[in-house]
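S.K.: First the structure, then my questions, so here it is.
The values are calculated or read from the model by the stated rules, or taken from the named source; none is laboratory data. Since the structure is predicted, the reported quantities are computational estimates derived from the model, not experimental observations. Positions of Cβ are backbone-derived with ideal geometry, glycine not excepted, and every protein chain shown enters the neighbour counts.
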Amino acid sequence: MGTQNTQRLEDFYKNPFGNYNANVLKVDQILDYWCNPFYVFDKFADISESDIYKEANPLVFMGGRGSGKTMFLRYWTYEVQKKDYFNKESNLRGFLDYLNSKGGVATYIRIDGPILRSFAGYDLTNEKWKFIFSHYFEIIVARAFLSIISDLVKEGLISQNVNVFEAKVSKLLGCSEAKTIDEFVNELDERINEVTLFRGEIALFEAQFSPTKAFPAQSLSFELPKVIKNTFKEFDEDFNFVIIIDEYENFLIQQQECINTLLKFVNTGITFRVGMRLEGFRTFDTISTDDFIKEGRDYRKIILEDILNLRENGYHNYLKQIATKRLQQVPCFKDLNKTDITEILGFREDLENEALELTQNNPYKHFDFYKSELPTDAKKKLRYKENPLFELLGIIYVTRGYDIDEISDAYKKKLKGIETDLMKKMRYDYTNKYKYSLMILLSSIYRRNKMYYSFNTFSYLSSGIVGHFIELCRRSFQIAEFENRESLIKDATISKEYQAKAAREYSTSELQQIKRIEDYGNQLYQMTENLGNVFREYHKDPYIRYPETNQFTIDKSLLEGICGAAFDSAIKWSVIIRKPSLQAATPGAGRKEIFALNRIFSPEFQISYRTRGGYNEEYNSADIEIIMNSNNFKTKKVLGKSKTKKANNNQTTLDLFGDETTNI
């Protein structure tokens with residue numbers, strides 16, 4: 001490529017992963033970046049795409065910050081569906097038929113936390129605030145649905161019975177005179193302003209809430225869809241009006257009681273799709289003192305991270321398509337047909353090459369590390385220069401009691417194409433048990449950080465949270481652009497060093513961000529530090545007795561008070577991740593609930609991003625309380641140093657806070 005052409009393409013470069021806050025994306029951007037999970041996963045959350053509109057039961061989508069739930073929810077809204085249809089058909093003549101075939105239309109409601117919190121206090125009872133909030137909610141839902149009908153009328157898709165509809169709405173809203181649909185929208189804006197004015201006044205002085213007309217729960221949100229369907233025969237009989245509520249975790253308890261009541265008593269033709277963070281329900285109560293909502297009966301729960309982590313191949317393809325969509329928006333990559341993120345980052349790590357680069361200036365340092373436990377001729381007999389990781393495995397085998405001459409003979413024969421029984425075992429252990437652990441241990445011995453790079457690694461580090469993957473890519477492109485912009489554009493590859501720097505910086509940043517969590521941020525930060533250091537000690541174990549240990553088990557029901565609330569907050573903010581199914585804490589033990597640190601912290605603590613079915617730390621409520629509050633935590637008390645160099649698979653737990661055992 002010539003210099004002139006390179007310069008031209010540089011003029012059209014921007015970071016492909018620069019914008020990803022779905023709250024502020026415009027309709028066109030949502031479509032530009034949208035990747036339909038129903039096309040990628042064989043069975044996405046056991047629901048079909050048609051269920052988004054047609055399923056009568058409310059659906060609750062749970063996911064951590066950046067999991068993609070807001071983008072997912074916004075895609076189904078009227079505005080986005082209209083634009084998508086127009087882009088494909090170049091006209092809107094069949095759009096209403098399209099909505100009928102989909103089974104419904106959706107409106108998106110997101111209320112900022114400060115606004116929600118303003119519906120409380122100032123000597124008003126919760127009951128009064130419940131009514132004021134319900135009144136407010138009814139108005140904003142009605143306004144949203146009226147705006148949709150207004151747009152359909154303007155597009156000429158609805159023409160009959162408009163006057164009849166306006167008369168019915170006038171009665172529903174309590175208007176004294178006939179109005180047009182747009183005038184009704186303006187009228188509702190004024191009603192919203194009444195609530196806004198009251199919220200401002202009551203903070204400064206005594207104020208009475210005296211709305212032009214009061215709207216109790218269901219009076220508009222449930223009744224207006226009935227009026228629409230009864231008036232306009234363009235809508236099919238089974239057509240649903242879907243209310244999408246996002247960031248439900250921000251709703252106050254009394255506000256969730258109001259919405260929970262609506263979820264429980266949905267009518268034909270009206271239903272809800274709710275987005276929230278994990279543990280986002282503050283209450284399951286309704287406004288009735290003796291009733292509550294129940295999963296399965298009143299709503300279906302869908303945890304996005306569980307879906308993504310259970311179907312890893314589908315998730316990888318999902319991320320790849322998301323990346324392709326973004327790369328296609330950048331002319332210099334699109335024009336050169338370099339929109340495959342796996343080619344830019346590399347598909348997976350090359351651990352053997354990484355080990356060779358690590359050891360090239362001092363190829364015997366790992367031998368010296370075990371000098372006191374090896375024969376004097378170990379460097380000669382165990383040398384396997386093609387693969388330092390395999391060398392290290394041979395060293396560990398010797399420390400476990402295997403004969404060094406037998407290992408040396410197996411090495412020599414392997415190089416000649418002959419595989420002994422011992423070599424078969426070593427190769428199996430290397431591939432299926434220890435390879436990644438060996439790389440982390442080798443990095444520790446050489447006092448270097450293990451590098452985290454490649455599309456596959458970034459996919460795992462994201463922990464099912466799409467935003468993590470996008471941010472890892474954004475930082476990688478940013479660093480590559482800063483270091484050598486022309487090379488990035490011309491070659492469309494990013495070195496593993498740049499990727500590793502991006503991963504480490506983002507991991508550190510995410511750890512520091514924990515302190516900013518409003519509720520229990522300090523406890524969660526301390527817990528993350530302590531757990532990360534505990535798992536780090538396992539990964540530094542020179543005998544790899546418990547490879548890739550990075551999970552723990554706890555009976556969550558035993559956690560009470562602040563400890564229990566903080567643990568729930570850790571799940572809500574995806575600091576820790578609950579495994580989707582029960583597992584054994586150790587081989588042969590009973591099945592329990594398993595938790596792990598979010599994998600994004602792996603580069604910071606230099607631990608594996610993979611989870612294995614081996615040993616897991618087993619904690620009780622007292623342990624968790626100490627882990628959350630101790631700033632003088634000694635990880636050596638978790639993994640005691642022992643003369644035993646081979647893990648006992650029957651051992652169920654290590655002593656968490658017991659005495660330190662004999663040094664190795």
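S.K.: Given the condition surrounded by fewer than 14 Cβ atoms within 10 Å (Cβ to Cβ), modelled with pLDDT under 90 and farther than 26 Å from residue 287 by Cα, answer yes or no: does some residue in segment 179-199 qualify?
M.R.: Checking segment 179-199: not a single residue is surrounded by fewer than 14 Cβ atoms within 10 Å (Cβ to Cβ), modelled with pLDDT under 90 and farther than 26 Å from residue 287 by Cα.
S.K.: Here is a further query. Exactly one of (1) in contact with an Asp or Glu (Cβ under 9 Å, 6 or more places away or on another chain); (2) aromatic (Phe, Trp, Tyr); (3) more than 19 Å from residue 120 (Cα to Cα) is unmet by residue 209. Its number?
M.R.: Of everything listed in (1) in contact with an Asp or Glu (Cβ under 9 Å, 6 or more places away or on another chain); (2) aromatic (Phe, Trp, Tyr); (3) more than 19 Å from residue 120 (Cα to Cα), residue 209 misses just condition (3).
S.K.: Also, quick follow-up: Criterion first (more than 23 Å from residue 147 (Cα to Cα), touching a residue at least 40 places away in the same chain (Cβ under 8 Å) and assigned by TED's automatic domain parsing to the domain that holds residue 136) does residue 249 satisfy it?
M.R.: Criteria met by residue 249.
S.K.: With the structure loaded, tell me whether residue 508 is buried (at least 20 other Cβ atoms within 10 Å of the Cβ), within 20 Å of the chain's Cα centre (by Cα) and modelled with pLDDT of 95 or more or whether it fails that test.
M.R.: It is false that residue 508 is buried (at least 20 other Cβ atoms within 10 Å of the Cβ), within 20 Å of the chain's Cα centre (by Cα) and modelled with pLDDT of 95 or more.
S.K.: Okay, next question. Taking segment 445-475 only, how many residues are outside any loop (DSSP other than H, G, I, E, B) and in contact with a Pro (Cβ under 9 Å, 6 or more places away or on another chain)?
M.R.: Within segment 445-475, residues that are outside any loop (DSSP other than H, G, I, E, B) and in contact with a Pro (Cβ under 9 Å, 6 or more places away or on another chain) number 4.
S.K.: Hey, another quick one. What residue, among those in segment 430-489 that are at pLDDT 95 or above and among the basic types (Lys, Arg), is surrounded by the most Cβ atoms within 10 Å (Cβ to Cβ)?
M.R.: Taking the candidates together, the pick is 450.
S.K.: If residue 573 satisfies every condition in (1) in contact with a Lys or Arg (Cβ under 8 Å, 6 or more places away or on another chain); (2) modelled with pLDDT of 95 or more; (3) of a type in the set (Phe, Trp, Tyr) but one, which is the exception?
M.R.: (2)
S.K.: While we're on this one: Looking at segment 87-101, I want the residues that are under 16 Å from residue 148 (Cα atoms) and touching a residue at least 12 places away in the same chain (Cβ under 8 Å) and have a partner that is of a type in the set (S, T, N, Q) and surrounded by 13 or more Cβ atoms within 10 Å (Cβ to Cβ) with Cβ atoms under 9 Å, at least 6 apart or on another chain. Which pairs are those?
M.R.: 95/81; 98/81; 99/81
S.K.: Next question, about the same structure. Condition check: in contact with a Leu (Cβ under 9 Å, 6 or more places away or on another chain) and assigned by TED's automatic domain parsing to the domain that holds residue 105. Does residue 227 satisfy that?
M.R.: yes
S.K.: Do you know which of the residues in segment 229-284 that are assigned to a helix (DSSP H, G or I) and in contact with a helix residue (DSSP H, G or I) (Cβ under 6 Å, 6 or more places away or on another chain) is surrounded by the most Cβ atoms within 10 Å (Cβ to Cβ)?
M.R.: Step by step, filter segment 229-284, then rank; the result is 255.
S.K.: Kindly establish whether residue 279 is on the phi > 0 side of the Ramachandran plot and either touching a residue at least 12 places away in the same chain (Cβ under 8 Å) or small (Gly, Ala, Ser) (or both).
M.R.: Yes, satisfied.
S.K.: Restricting attention to segment 336-365, and to residues there that are more than 28 Å from residue 445 (Cβ to Cβ), assigned to a helix (DSSP H, G or I) and among the hydrophobic types (A, V, I, L, M, F, W, C), which single residue is nearest to the chain's Cα centre (by Cα)?
M.R.: Residue satisfying both the conditions and the ranking: 341.
S.K.: Of all the residues that make up segment 322-335, how many are in contact with a Cys (Cβ under 8 Å, 6 or more places away or on another chain) and either free of Cβ contacts under 8 Å to residues at least 40 places away in the same chain or assigned to a loop (DSSP other than H, G, I, E, B) (or both)?
M.R.: The total comes to 0.
S.K.: If you don't mind, another one. Would it be correct to say that residue 319 is assigned to a loop (DSSP other than H, G, I, E, B) and under 30 Å from residue 20 (Cα atoms)?
M.R.: No: the conditions fail for residue 319.
S.K.: For residue 403, are the conditions met, namely being over 22 Å from residue 363 (Cβ atoms) and surrounded by fewer than 16 Cβ atoms within 10 Å (Cβ to Cβ)?
M.R.: So residue 403 passes the test.
S.K.: Among the residues that make up segment 346-353, is at least one of them in contact with a strand residue (DSSP E or B) (Cβ under 6 Å, 6 or more places away or on another chain) and over 30 Å from residue 398 (Cα atoms)?
M.R.: The answer is no, given that none of the residues of segment 346-353 is in contact with a strand residue (DSSP E or B) (Cβ under 6 Å, 6 or more places away or on another chain) and over 30 Å from residue 398 (Cα atoms).
S.K.: Is one or more of the residues making up segment 300-317 over 30 Å from residue 64 (Cα atoms), crowded, with 16+ Cβ neighbours inside 10 Å and modelled with pLDDT under 95?
M.R.: No, segment 300-317 contains no residue that is over 30 Å from residue 64 (Cα atoms), crowded, with 16+ Cβ neighbours inside 10 Å and modelled with pLDDT under 95.
S.K.: Answer yes or no as to whether residue 287 is part of a helix (DSSP H, G or I) and crowded, with 16+ Cβ neighbours inside 10 Å.
M.R.: no
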